[in-house]
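Read through the structure below, which is laid out as structure tokens, and then see the notes.
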Amino acid sequence: MSLLAIRDVSKRFGGVNALAGVTFEVEQGDILGIIGPNGAGKTTLLNCISGLYRPDAGDIRWETTSIRGLAPYRIARLGIGRTFQIVRPFPSMTVRENTAMGALFGRPGARLQPGAALNEADMVLDVVGLGEKRHYPVLRLTVPDRKRLEVARALAMRPRLLLLDEVMAGLNQVEIEQALEMVRRVRDSGVTIVLIEHVMKVIVGVCRRALVLNFGRTLVEGPPAEVLKDRRVIEAYLGQRYARDQEK
Amino acid sequence: MSVRRATYLVAGLALAFLVLAPLTSIDAAQQAGLPLLTDKLWFRIATTVAMFVVMASAWNIIGGLTGYASFGNVAFFGLGAYTAGVVVTNLNLPFALALVLAPLVAAAFAVIVGIPLLRLRGHYFAVATLGVGVAVGEVVNNIEPLGAATGLFLPIIRSDLLFFYLMLGAALLAVLTTWVILRTRFGYGLLAIRENEEAAAVIGVNTTFYKVAAFCIAAALTGIAGAIFAQWNSFINQDNAFAISDNVQMILMAVIGGTGTVLGPVAGAISLELIIQTLAGGGSGSVFSQIGLGVLLAVCVIFIPRGVIDFFGGRSRLSLRYFRQTLRETSV
């Protein structure tokens, strides 16, 4: 039994088929990378999983139960944490307070009190490398640090599945290395990860499997190195002519 | 340190209020001709200030902490007032019962309108709640058992002191409620919703429940103020129980004082009500007082966006530098 199963999920916005029947599964302990050109439906897919959107068709199963159409907060408490591509911190709070919010609300089971949640935040901030900046107001953080904070807030929920939406976009080479290190640490702590990424180095570096979305459909799925060499994937990104020229 | 100083300051003010106000009824004070204390008007103003402390603090819970600017809170005030009217006049039951029923009626109404309206955001929510505020007043104005356009008369209870203390009690309750909320998980949930609602939802905040609950608490507190007002004034109609200007006023007080804080709405209610009384010269609604208020609000929003509470407790000092800095913040 897989941890998360997406079955034939579709989502329309007016005349646009953002998702047109996507199917895949995520096993416990896996790291799945989702890639695809702009507008392929990657973020829509995450929004469907985390409950911000309700799929028009298909089913999303968490272990044995369907979570399709559940309110986002209920999905969160089942153990699914996520980050946003365009970061969404709580701007008037400090780094530590932002992180504590995840521990305060996202935990399944026993409720933490604010004090305990702050202690939990301190532990998580050390994992993502923000420990020394815990008392900063969010607005003082740089872009890479704000992305780390997104991860920290989700991790504080102690999720079993973490959905990362382009946490490395806009980072330089050194920062990507640090972020990769962070993702590996999270994986080693037993969290299953689904990540959307445009940086291929990340996909090849940490993912066990990669899935390519194009026009709301699954184009190719398999080991990252093979997927990236697939002619259909090159076509999707760079056009048919480029793919033809490559083969000559 | 700063918070403690602010707390002492307000506690001191409240204590002074408690001690000084009853003096006004003591003959000795009146014979001695102490300024203010001989004046019956002073009592009225003090009670009105306390009433607006309740309304501004209650508004702050939904508008300041949760970030949903309600222009319909006056409906809760009116419903509280009319609940008291019905209990005391139509049903001939004691006023004490009205004090219990009024918040319940207002809170129940908040659930009914809150569930559909709290799905709206920003100015859509503001306009929708404004509609509710006006509509409820109009409906009440057309119900015969509620006195329709004539209004409702309550048996007069002559005791300035009683109503002053009732309002003061309600004001303390409102402030205490805000203080408690800000120290609990519930309060953090409200702040998260204000700061970024979708982010709050995906970390596990039950946003719909939290928003409706905050609306309910605000409604209950406002309803209590309405009930006390009804008995105090002994006459209620659409104009005084469902006055949109009251709704605007409670928002101004919360904003000028400092939204999202415990004591901001208190500071705002006290300072603004005193300014209004001064501008109006005891009467109300003169053109000049309206213009004065408008200018004041514009200046406050531009130059002291965090409210006058920002100057208490040593966080900021009133200076040109402060104004230059806030001007940069507010003019994006």
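Based on Cα atoms of the range B:2-247, Rg over Rh with Rh as the Kirkwood radius reads 1.01.
Result for chain A in a Gaussian network model with C-alpha springs under 10 Å: among A:GLU132, A:GLU221, A:GLU175, the largest mean-square fluctuation is at A:GLU132. Loop sites by DSSP among the trypsin sites (Lys or Arg not before Pro) of chain B, restricted to those with at most 15 other Cβ atoms within 10 angstrom, leave B:184-314 as the longest stretch without any of them. Taking Rh as the Kirkwood radius computed over C-alpha pairs, what is the Stokes-Einstein D of the protein assembly as shown at 4 °C in a medium of viscosity 1.567 mPa s, expressed in µm² per second? This corresponds to a translational diffusion coefficient of 48 µm²/s.
Based on Cα contacts under 8 Å between residues 6+ apart, chain B shows a relative contact order of 28 percent.
Between A:MET123 and B:SER159, the modelled labels are 5.6 nm apart [label points 7 Å from Cα along Cα→Cβ].
Most fluctuating residue of A:GLN113, A:GLN28, A:GLN85 in a GNM of chain A with Cα springs under 10 Å: which is it? It is A:GLN113. Entry note: chain A has Rg to Rh equal to 0.98, where both radii use alpha-carbon atoms and Rh is the Kirkwood radius. Within 10 Å of the Cβ of each residue in B:189-195, the mean number of Cβ atoms contributed by other protein chains is 4. Only helices reaching 30 angstrom along their own axis (Cα) with mean Kyte-Doolittle hydropathy no lower than 1.6 count here, and for the DSSP H runs of chain B these are B:95-117, B:160-181.
When all alpha-carbon pairs of the range A:145-248 are counted, what percent fall beyond 21 Å? So the portion of pairs separated by more than 21 Å is 42 percent. Rounded to the nearest 500, the helix-only mean residue ellipticity at 222 nm of chain B stands at -23000 deg cm²/dmol, with each DSSP H run of n ≥ 4 adding -39,500 (n - 2.57). Seen from a random direction on average, the alpha-carbon convex hull of the range B:31-149 projects onto 10.1 square nanometres.
Taking 17 Å as the cut-off, the amide N atoms of the range A:47-70 that come nearer than this to a point 7 Å along the Cα-to-beta-carbon line of A:ARG12 belong to A:54-59. The mean sequence distance of close C-alpha pairs (under 8 Å, at least 6 residues apart), as a share of the length of chain A, puts its relative contact order at 24 percent.
Residue by residue along A:149-156, Cβ atoms of other protein chains within 10 Å of the local Cβ number 1 on average. At q = 0.10 Å⁻¹, what log₁₀ I(q)/I(0) does the range A:117-205 have when each alpha carbon counts as one equal point scatterer in the Debye sum? Listed by q, the Debye log ratios stand at -0.23. Each label point was placed 7 Å from the Cα along the Cα-to-Cβ direction; for A:ASN38 and B:ALA96 their separation is 7.0 nm.
P(r) tail for the range A:1-116: Cα pairs beyond 22 Å make up 41% of the total.
Counted residue by residue at 0.36 nm each, then reduced by the alpha carbon distance between them, the extension gain from A:GLN85 to A:ASP59 reaches 6.9 nm.
Take every pair of alpha-carbon atoms less than 8 Å apart whose residues are at least six positions apart; their mean separation over the length of the range A:1-131 yields a relative contact order of 19 percent. Coordinate range of the alpha-carbon atoms in the range B:104-190 per principal axis, descending: 44, 34, 20 Å.
We did not get these values from a lab; they are worked out from the coordinates using the rules stated. Predicted model, so just to flag it, every value in this text is computed and none were measured. When we count neighbours, we look across all protein chains shown, and the Cβ atoms used for this are built from the backbone with ideal geometry, even at glycine.
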